[in-house]
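To start, the structure itself, in structure tokens.
The values are calculated or read from the model by the stated rules, or taken from the named source; none is laboratory data. This one's a predicted model, so the numbers in the text were calculated from it and none came from an experiment. Note that each Cβ is placed from the backbone with ideal geometry, even for glycine, and that neighbours are counted across all protein chains shown. In case anyone asks, the SASA skips ligands and DNA or RNA and just uses the protein heavy atoms, side chains included. Shrake-Rupley method; radii C 1.70, N 1.55, O 1.52, S 1.80 Å.
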Amino acid sequence: WVIYSIAAKQKSDGLPATAFTCGALIIGTLLLIPLSMHYNIGDTVHELSTIQWLLILYIAIMGTGLQYYLYGKAIEHLGPDTASYILYSTTPVFVVFLTYFLFNDPITTWELLGTSCVLVSLAILLKS
């Protein structure tokens, strides 16, 4: 992740975020091929249902492709430090609220306290 962030910042002068993201995902895929061959993942691919394939596509597009693209854009505009602060500090906050809205999971006092600490810390970091 660190290598990607540094490379994304250095490429921001000439290469569009979409091209850089596409290249990074292709390299990542190529690096995973030997691992998948080692674990014989190809033997079970034909057994996946249509729903499972749709879920894989959703994760690939929304959870990976879109996330990398947006992170690359954030690095272009904010720099790697600020983009990382925002990404890593707000993830737990989003998880708390998403589990509330998606799964009706109650938000506890500790989660509200933790969310407050994260947001205050982020505000302090962004001001300095």
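When the range 103-128 is filtered for residues that are charged (D, E, K, R), part of a helix (DSSP H, G or I) and either open to solvent by less than 90 Å² (accessible area, probe 1.4 Å) or in contact (Cβ under 8 Å) with a residue 60 or more places away in the chain (or both), only GLU111 remains. Among the residues of the range 58-103, the ones that are at pLDDT 80 or above and in contact with a Phe, Trp or Tyr (Cβ under 8 Å, 6 or more places away or on another chain) come to 1 in all. In the set TYR39, TYR100, TYR85, TYR71, only one residue is over 30 Å from PRO16 (Cα atoms) and surrounded by 13 or more Cβ atoms within 10 Å (Cβ to Cβ); that residue is TYR100.
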